[in-house]
Amino acid sequence: MFEELLEVPPDAFDRVDAALACLEEHRVEANRAAYRLMRAATGVWEHRLGIAADTGGDGLIAAQSAVAEIAVALGIAQSSADTLVSVDQQLARLELTRDAFAAGDLDYATVRVIATVLADANAATVAAIEADVLAAAAHLSPQPLRSAIWRIWMRHDPDEAHTVRAAKHRSDRTAYTRRGTNGMTWLTACLTDLEGAEADQLISELAATVCAADPRPVKELRADALMALLHGESHLLCHCGREQCPKTQIQNLNRHGFSAAPV
């Protein structure tokens, strides 16, 4: 029985190898297409600014209109369209990254990380570390790559890297809500790594103030814990329904309700 289950067709590995080779071919093609799409988007942006310059129009309005056109054409958010053009502009001084993207060796997500992290690096820094950054990009996904780029930069010029990173902390820190689906909303915050770790720890600690019989899954408890933190509460009310709950809680009556009904 087991011999039959473990029997592998003689050409199975050949078929898998062929499928993997096909996958690699399509990956490269997709990356090259992403590069051409980025260049086309920048072409629209440059064309609109050129018309504004020739006709005495407002360059800022022309740029904003171009970004809106790109967003509509690609079915993406205007912020994503603006980033697409900005990344292409950054690649003018990141020649190794640009060439690797054009050849299909890098995907757009990876290129975007490289371009955004090194946006404020001086020319000498780019020349010194870009090859090392690309070496890291060959085996890292975008988020680990972001951290790796900062480490490479810190080793090369710690003063410049610290100055730029401090400025990014000031400019990037934010919190906002975004309407989701099915009556749900996403709450997003961009914090420093330390602040993020502190927030995660506080949410985890507050979510753990209910007993093991509480029926809510961890993700729901964390959402409830976040809301409790926003209201200045120190615990969650346990939903176990038992009269002798080991997590005896006192209801916080100071929570302020939200009077405006969402549309």
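The values are calculated or read from the model by the stated rules, or taken from the named source; none is laboratory data. Just so it is clear, the structure is predicted and the values come from calculations on it, not from any experiment. Don't worry about glycine lacking a Cβ; one is built from the backbone with ideal geometry, like all the others, and counts go over all protein chains shown.
The listed residues are Arg15, Arg32, and the only one of them that is part of a helix (DSSP H, G or I), surrounded by 14 or more Cβ atoms within 10 Å (Cβ to Cβ) and in the same structural domain as Trp150 (by TED's automatic domain parsing) turns out to be Arg32.
Does Glu130 qualify as being in the same structural domain as Trp45 (by TED's automatic domain parsing), among the charged types (D, E, K, R), surrounded by 18 or more Cβ atoms within 10 Å (Cβ to Cβ) and within 27 Å of Arg165 (Cβ to Cβ)? If you could, list the steps in order and put the result at the bottom.
Working: in the same structural domain as Trp45 (by TED's automatic domain parsing): yes; among the charged types (D, E, K, R): yes; surrounded by 18 or more Cβ atoms within 10 Å (Cβ to Cβ): yes; within 27 Å of Arg165 (Cβ to Cβ): yes.
When the stated conditions are applied, Glu130 passes them.
Within the range 157-168, not a single residue is at positive phi and either in contact (Cβ under 8 Å) with a residue 40 or more places away in the chain or of a type in the set (A, V, I, L, M, F, W, C) (or both). Using the structure shown, decide if Gln143 is in a helix (DSSP H, G or I) and more than 15 Å from the chain's Cα centre (by Cα). So Gln143 does not fit the description; no. Among the residues of the range 71-85, those that are surrounded by fewer than 17 Cβ atoms within 10 Å (Cβ to Cβ) and not β-branched (Val, Ile, Thr) comprise Ala73, Leu74, Gly75, Ala77, Gln78, Ser79, Ser80.
I'd like the residue in the range 88-127 that is closer than 18 Å to Val164 by Cα and of a type in the set (Val, Ile, Thr) and, out of all such residues, is nearest to the chain's Cα centre (by Cα). Step by step, filter the range 88-127, then rank; the result is Val113.
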